[in-house]
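Taking it in order: structure first as structure tokens, then the write-up.
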Amino acid sequence: MAPRTRRSDLRLCPIMPAHAPAMFRWMKDPAVRLGVGIRTEASLERTLEWIAQARLPGSGVWGFAILVGERHVGNVVLDRFDGHLSTARLSIYIGEPDERGRGVGRCAVREALAHAFDSLKLFKVWLTVHDENVAARRTYLSLGFQEEGRLRGEFLLEGRRVDAIYMGILAEEFVTREQLAARGEAR
Ligand SMILES: CC(C)(COP(=O)(O)OP(=O)(O)OC[C@H]1O[C@@H](n2cnc3c(N)ncnc32)[C@H](O)[C@@H]1OP(=O)(O)O)[C@@H](O)C(=O)NCCC(=O)NCCS
């Protein structure tokens, strides 16, 4: 059976300063740090600064808190906006360990793609993911991202060089999948 890409109990809302303490806690979790590739040491002050910057009009950053029911379980972010090319980068982490592997990541990425293509009218959403992040790669592939390139050795995983995979999805690909899904013919 095709995996679900929508959940009625899941929604995205803009990241607010009130979300910072949970984000700070998640930034210290090795699963998040190694998955995303966080380089700097986490601090509550830096987290609040990032939120304030992201919320500025014209920042080119759209940060969303992932809510399951009313529980904030992770974030999905569009940044590196390129207005000339109409592209942006997507990143995601499910901070609460008990919510990983339950379909939250896939549904949240789909919601963020809907925002990117339906509201922001982007041409393409891209990301990089390290070769050994199986959960993330499966998440993106299952939503229609394509692997566009391999950046040899461009990720340091606990001091070990691994390849980073560049993945992208075009608006037309997302729209086609949504239409097929609406007809019950795809995910
Ligand atoms: C990567 C992440 C966002 C995926 O979200 P999730 O809610 O855990 O994943 P889902 O339950 O939606 O599952 C999506 C796919 O990943 C697979 N998956 C989930 N957890 C997995 C695991 N531990 N090992 C292997 N595959 C896994 C699922 O089987 C599914 O693939 P399928 O459709 O081929 O079966 C989440 O695990 C996470 O936040 N990890 C830590 C931070 C991170 O790595 N972020 C991504 C950086 S690029």
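Considering only Leu78, Phe123, Trp50, the residue lying farthest towards the positive end of the dipole of segment 10-182 is Trp50, judged by Cα position with unit charges set on Cβ. The Cα atoms of segment 56-119 give a gyration tensor whose axes a ≥ b ≥ c have a/c of 1.5 or more with a/b greater than b/c, which makes the shape prolate.
How much length is gained if the chain between Arg161 and Ala181 is pulled fully straight, taking 0.36 nm per residue apart and subtracting their Cα-Cα distance, in nm to one decimal? Kindly include the intermediate steps, with their values, before the conclusion.
Values: separation 20, 0.36 × 20 = 7.20 nm, distance 3.83 nm.
Using 0.36 nm per residue and subtracting the Cα-Cα distance, I get 3.4 nm.
So if each residue of separation counts as 0.36 nm, and I subtract the Cα-Cα distance between Arg11 and Leu151, what length gain in nm does that give? Extending this stretch completely gives an extra 47.1 nm. Any chance you could check the Cα centroid distance between segment 46-78 and segment 120-187 for me, in angstrom? The distance from the Cα centre of segment 46-78 to that of segment 120-187 comes to 21 Å.
Distance between the 7 Å Cα→Cβ label points at Leu44 and Glu132: 3.3 nm. Around the Cα centre of the chain, unit charges on the Cβ atoms of Lys, Arg, Asp and Glu (plus for the first two, minus for the last two) sum to a dipole of about 240 debye.
Work out, step by step, the length gained on full extension between Leu34 and Ser86: first 0.36 nm times the residue separation, then minus their alpha carbon distance; give nm to one decimal. Write down the numbers at each step before the final one.
Numbers: separation 52, 0.36 × 52 = 18.72 nm, distance 2.90 nm.
This chain segment gains 15.8 nm when fully extended.
Once you have a ≥ b ≥ c as the square roots of the Cα gyration tensor eigenvalues for segment 1-67, tell me rounded if a/c is under 1.5, and otherwise prolate or oblate according to whether a/b is larger than b/c.
Details: a/c = 2.05, a/b = 1.30, b/c = 1.58.
Oblate, because a/c is 1.5 or more while a/b does not exceed b/c.
Taking 1 over the mean of 1/r across every pair of different Cα atoms in the chain, what Kirkwood radius in Å do you get?
Values: mean 1/r = 0.0588 Å⁻¹.
Across the chain, the inverse of the average 1/r is 17.0 Å.
Contact order for the chain, expressed relative to its length and based on alpha carbon pairs under 8 Å spaced 6+ residues apart, stands at 20 percent.
Only the coordinates and a few stated rules stand behind these numbers; no lab work does. Note that the coordinates shown come from a computational prediction; the quantities given were computed from them, not determined experimentally. Don't worry about glycine lacking a Cβ; one is built from the backbone with ideal geometry, like all the others, and counts go over all protein chains shown.
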